[in-house]
Amino acid sequence: MLFDMELERLREYRPEPQEPADFDAFWDRTLTEAARCPLGAEFVPYDAGFATVDVFDVTFGGWGGQPVKAWLLLPRGRAEPLPAVVQYIGYNGGRGVPYSWLTWSALGYAHLVMDNRGQGGGGKLTADTPDIGPDGHGSSSPGFLTRGIENPDLHYYRRLITDAVRAVDAAKAHPAVDATRVAVLGGSQGGGLSLAVAGLRDDVVAAVADVPFLCHYRRASQITDSGPYAEIARWLSGHRFRIEEAMETLSYFDGVNFAARATVPGWFSVGLMDRVCPSSTVFAAYHRYAGPAEIEVFPYNGHEGGAEYDLPRKIAALRGVFDQ
């Protein structure tokens, strides 16, 4: 069944954003603090048994200099330097194992897959990075949306988004990577992180955000009881008088606000039957995207969107950007 709005309404849906006055100052301060910590990117060869791809087990300094894991896959016999794709993973997943990530290296690109701190406690892709922030923990199941919801300085996504920004630096630190040709990509939470990084950095060349999560929190929490946005509703059902406080905190991590600062070419996708990331929340970010952007609409799909069937579009898009 159709969920959310009809496509004609979605194409006109431009809600008034909730953007704190100090949004830019908050992120300038956050990333300035992060930059004081050594990146310390380490690339340890990992024997995956591949005949055509070299794999590296990566560790770099993320938020607070805390160690974040990643995989780096490089085509063997490569002509360097290579364009790079930095990929972010969906909610409650992690980098998993390198066997899951062969597409972009097979196309001749460097491919860095960032782990999700503290996630991977219930998904098919496990994480190897603990969250050792103010309310730190090892791998756990969901609850990340409301972790630190009382204060943006303590919110979980301040740490994860900072990790995502620093992952671009980690990719650029490898000598095989052309630092002038790095794109960011992800689906669901990974799509939201791609929007955040594109809005916070001026040195990536493209952003791909499939069925992005982390957008337009207030509406999302009011219209769906599926997936992570329901965590907000559950929290607020108990904290009845803290709605505006919570929404103010979440506004610092809203893809709608990051999209307004992203100027590189962007590619979105959306499923009109998506109950996890409702289509209006995706269109809210798409319409506010400051750079040239395209959106692929899948009328009869849910949160899977175009899945692998949409890969040719993304391959062509990134190839066009990298070959300029």
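The values are calculated or read from the model by the stated rules, or taken from the named source; none is laboratory data. Source: prediction; values computed, not measured. Backbone-built Cβ (ideal geometry, glycine too); neighbour counts: all protein chains shown. Just the protein is used for accessible areas: all its heavy atoms, side chains included, with ligands, DNA and RNA removed. Shrake-Rupley method; radii C 1.70, N 1.55, O 1.52, S 1.80 Å.
In segment 44-55, the qualifying residues are those that are without any contact (Cβ under 8 Å) to a residue 24 or more places away in the chain and either over 22 Å from residue 129 (Cβ atoms) or not in a loop (DSSP other than H, G, I, E, B) (or both), and the one that is farthest from the chain's Cα centre (by Cα) is 49. Residue check: residue 297 meets all listed conditions (1) in contact (Cβ under 8 Å) with a residue 40 or more places away in the chain; (2) buried (at least 20 other Cβ atoms within 10 Å of the Cβ) but one, namely (2).
Just so you know, in segment 273-292 the residues that are open to solvent by 10 Å² or more (accessible area, probe 1.4 Å) and touching a helix residue (DSSP H, G or I) at 6+ places or on another chain (Cβ under 6 Å) include one that is nearest to residue 184 (Cα to Cα), and it is 289. Taken together, the residues in segment 74-105 that are farther than 19 Å from residue 166 by Cβ, assigned to a strand (DSSP E or B) and in contact (Cβ under 8 Å) with a residue 40 or more places away in the chain amount to 3. Can you find a residue in segment 71-88 that is over 28 Å from residue 324 (Cβ atoms) and open to solvent by 20 Å² or more (accessible area, probe 1.4 Å)? No, there is no match, as no residue in segment 71-88 is over 28 Å from residue 324 (Cβ atoms) and open to solvent by 20 Å² or more (accessible area, probe 1.4 Å). Checking residue 25 against (1) assigned to a helix (DSSP H, G or I); (2) in contact (Cβ under 8 Å) with a residue 60 or more places away in the chain, which test does it fail? Unmet condition: (2). Is at least one residue of segment 247-262 open to solvent by 10 Å² or more (accessible area, probe 1.4 Å) and farther than 25 Å from residue 144 by Cβ? Scanning segment 247-262, I find no residue that is open to solvent by 10 Å² or more (accessible area, probe 1.4 Å) and farther than 25 Å from residue 144 by Cβ, so the answer is no. When residue 3 is tested against (1) part of a helix (DSSP H, G or I); (2) aromatic (Phe, Trp, Tyr); (3) modelled with pLDDT under 95, exactly one condition is not met: (1).
In this entry, residue 310 is excluded by the filter for residues that are open to solvent by less than 30 Å² (accessible area, probe 1.4 Å), among the charged types (D, E, K, R), closer than 19 Å to residue 230 by Cα and modelled with pLDDT of 95 or more.
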